[in-house]
Each structure stands twice: as C-alpha cells, then as structure tokens.
Amino acid sequence: MRDQAILLIVLTSLAFCSAALHQGSAYEPVVGTWRLYETGNDRSGGFNYVVQSVSESPAQIIELGSEGKFKTNVSDPFFKSLYSSVRTYRVERITIDTYSIVYQARRGGKSSEFRQGLKLRNDTLQLNPLCSEGSHFSFVKVK
C-alpha cells in the first residue's frame with residue numbers, strides 16, 4: 001500500500017511538471033532565432049537517406065518567440081509544406097530529456113495541431129517531422 005501511495009505522488013508530480021511546461025507556450029531554451037544549417041530526408045521509402053548542408057547566405061531562419069509565436073523564411077519545399085501555415089507553438093516534455101513541439105496551424109480557414117520530435121543540444125535544435133520518418137531539419141542558434 002505504501003508503494004502505491006509513493007507511486008501516486010510521483011506520477012502526480014510528473015503530471016504537474018508536464019502540465020506547467022505544456023501551458024507555458026514557450027520553453028525558454030528554444031526561444032530565439034535559429035538558422036537552418038542541415039536537412040536530412042529519405043523520399044525513397046528507406047533506401048536513400050540524404051543529408052544536405054544549407055548555405056549560411058541567405059540565412060534561412062525560424063523565430064520561436066517567448067509568447068509561443070512562430071515565424072520562418074525557410075525556402076526548402078518540404079519545410080514549407082509543413083510549416084507555411086504555422087503561427088504558434090508550444091513545447092511538451094515527454095521524458096526528462098525528450099520533448100515534442102506542437103504547432104497550431106490554420107489551413108483552409110480551420111485550425112489544426114500537429115506534433116513532432118524536438119532535440120535540443122547546446123546551441124543546436126533539431127526538428128524531426130513525424131510524418132516522414134527519419135527526416136530532420138537542424139538549426140543553430142543565432143540569438
């Protein structure tokens with residue numbers, strides 16, 4: 001019985017931590033301006049994963065605002081197909097060091113949400129679209 005009570009307390013604490021991050025719109029370490037430096041994708045069904053460097057000029061950036069605002073000028077066609085209608089975001093904690101980013105988009109007059117993996121390491125951020133397994137967009141923080 002005592003073990004069950006401890007488990008309940010731990011799970012409740014984790015739920016509150018997760019909810020606080022979820023409701024906060026932005027997660028401070030991701031807030032800022034990020035420059036795209038690499039893309040990776042496999043459009044052939046798992047047999048030809050290609051990683052490409054992205055030129056620094058002109059800078060292709062995403063801006064993740066502290067109020068949950070999302071802006072981008074990235075010209076990659078796949079990126080644009082995913083993010084052109086995104087206006088806001090929030091970060092959710094999955095485990096102690098794993099996050100997902102949830103976007104709110106407006107398409108055809110309707111609001112929708114989609115989620116994807118997010119990896120954050122020092123001054124690099126990687127977005128991993130769930131709709132295309134293995135694809136990634138890697139960014140370096142510029143401010």
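The values are calculated or read from the model by the stated rules, or taken from the named source; none is laboratory data. Source: prediction; values computed, not measured. Ideal geometry is used to build each Cβ from the backbone, glycine not excepted, and the neighbour counts take in all protein chains shown.
For beta carbons closer than 7 Å, sequence separation of 6+ or different chains, a first residue in segment 45-71 that is touching a residue at least 40 places away in the same chain (Cβ under 8 Å) and a second that is surrounded by 10 or more Cβ atoms within 10 Å (Cβ to Cβ) and among the hydroxyl-bearing types (Ser, Thr, Tyr), the qualifying pairs are 61/33; 61/72; 62/72; 67/25; 68/25; 68/88; 68/89.
Looking at 108, 68, just one residue is touching a strand residue (DSSP E or B) at 6+ places or on another chain (Cβ under 7 Å) and small (Gly, Ala, Ser), and that residue is 68. In segment 64-113, the qualifying residues are those that are hydroxyl-bearing (Ser, Thr, Tyr) and in contact with a Phe, Trp or Tyr (Cβ under 8 Å, 6 or more places away or on another chain), and the one that is surrounded by the most Cβ atoms within 10 Å (Cβ to Cβ) is 89.
Does residue 58 satisfy the condition of being loosely packed, with under 13 Cβ neighbours inside 10 Å, farther than 18 Å from residue 134 by Cβ and not charged (D, E, K, R)? Yes, satisfied.
If a residue has to be loosely packed, with under 14 Cβ neighbours inside 10 Å, at pLDDT 85 or above and of a type outside the set (D, E, K, R) to count, how many in segment 121-140 make the cut? Break it down stepwise before answering.
First, pick out the residues of segment 121-140 that are loosely packed, with under 14 Cβ neighbours inside 10 Å: 121-123, 130-131, 133-134.
Then drop every residue that is not at pLDDT 85 or above, which leaves 121-123.
Restricting the remaining residues to those that are of a type outside the set (D, E, K, R) gives 122.
Going through segment 121-140 one residue at a time, the tally reaches 1.
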